[in-house]
Amino acid sequence: QRVKDRTEALSKANEALEEENLQRIAAEEKLKASLEEKTMLLKEIHHRVKNNLQIIVSLLNLQSRQVKDESVLGTIRESQNRVKAMALVHEKLYRAEDISHIDLNDYVKFLGTGLLHFYDAKSRGIRFTLDAPDVRVDINTAIPLGLILNELISNALKYAFPKGRGGEISVNIKREEKTLTIIFLDDGIGIPPDFDWQNAPSLGLRLVNSLVDQLNGTIELDRSSGTRFTMVLHEKA
């Protein structure tokens with residue numbers, strides 16, 4: 001009788017465990033479906049933001065056709081490149097499997113290649129190299145960092161290699177916990193020693209300094225050989 005009672009008790013316990021397991025599986029599938037739905041919605045948001053930013057680029061392009069002043073035209077084109085840098089972040093997140101982080105190696109390579117093409121760097125003998133192995137950041141860090149590099153690469157392509165002078169622009173990014181160390185280097189003519197780059201009249205370097213502050217970072221300039229900016233940035237929470 002004791003064996004019979006024990007067997008019945010074990011049978012009931014087994015049935016209860018199976019029922020609990022089925023409920024757990026159903027709950028996990030529901031959570032998975034909810035997560036997939038939210039992921040798709042977030043991707044759709046990034047896609048729409050990217051499309052809206054591209055519309056802004058197109059509107060600026062249409063506006064530039066009416067402009068004859070070269071300085072104004074240059075300002076519009078620089079604004080286009082800044083908007084493109086932001087749009088690229090959303091494009092990368094839309095296509096990424098992990099929508100919470102951006103692969104900086106992929107993003108900066110695409111950004112740099114686009115700028116070199118825009119400034120016709122290949123025919124001028126200017127190369128771009130990048131070293132950012134397995135560094136991923138979220139959108140709050142990627143956008144200001146992308147804008148910083150957009151300004152530094154653009155400035156180098158515009159001013160560092162005059163009169164057919166070739167050379168190299170390089171970016172090195174390393175990460176230690178929540179801290180990013182970025183070294184930007186070009187072997188061009190360098191920034192003049194009397195130029196106050198921290199209080200520059202142009203928007204580009206002012207924007208760089210402002211974005212570095214936004215990321216609670218520091219930036220240093222070495223003019224001894226070409227131009228070398230060293231930035232230590234902290235990822236935004």
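Report the extension gain between residue 70 and residue 5 in nm, rounded to one decimal, defined as 0.36 nm multiplied by the number of residues separating them, less their alpha carbon distance.
13.9 nm
If packing is taken as the mean number of other Cβ atoms within 10 Å per residue, what is the order of 22-35, 184-197, highest first? Walk me through the numbers before you get to the answer.
Working: 22-35: 10.0, 184-197: 15.9.
The peptides rank, most packed first, as 184-197, 22-35.
Take every Cα pair under 8 Å in the chain that's 6+ residues apart, average their separations, divide by the length, and report that relative contact order as a whole percent.
Worked out over the chain, it gives 15 percent.
Can you sort 230, 141, 7 by solvent-accessible area, 1.4 Å probe, largest first?
Largest accessible area first, the list is 7, 230, 141.
So how far, in whole Å, is the C-alpha centre of the stretch 180-206 from the one of the stretch 1-49?
57 Å
Quick one: order 235, 78, 36 from most to least accessible surface, probe 1.4 Å.
From most accessible down to least: 36, 78, 235.
Of 88, 125, 99, which is farthest towards the positive pole of the stretch 76-156's charge dipole, taken about the Cα centre with +1 and -1 on the beta-carbons of Lys, Arg and Asp, Glu respectively?
Positive-end residue among those listed: 125.
Ordering 219, 55 by how much accessible area each has at a 1.4 Å probe, largest first, what is the list?
55, 219
Among 182, 166, 147, pick out the residue whose Cα is farthest towards the positive end of the charge dipole of the chain, where Lys and Arg carry +1 and Asp and Glu carry -1 on C-beta, about the Cα centre.
Among 182, 166, 147, the one farthest towards the positive end of the dipole of the chain is 166.
The values are calculated or read from the model by the stated rules, or taken from the named source; none is laboratory data. Being a predicted model, the structure only gives us computed values, none of them experimental. Cβ coordinates were reconstructed from backbone atoms using ideal geometry, including for glycine residues, and neighbour counts include every protein chain displayed. Quick note on the areas: whole protein, heavy atoms, side chains included, nothing else; ligands and nucleic acids left out. Shrake-Rupley method; radii C 1.70, N 1.55, O 1.52, S 1.80 Å.
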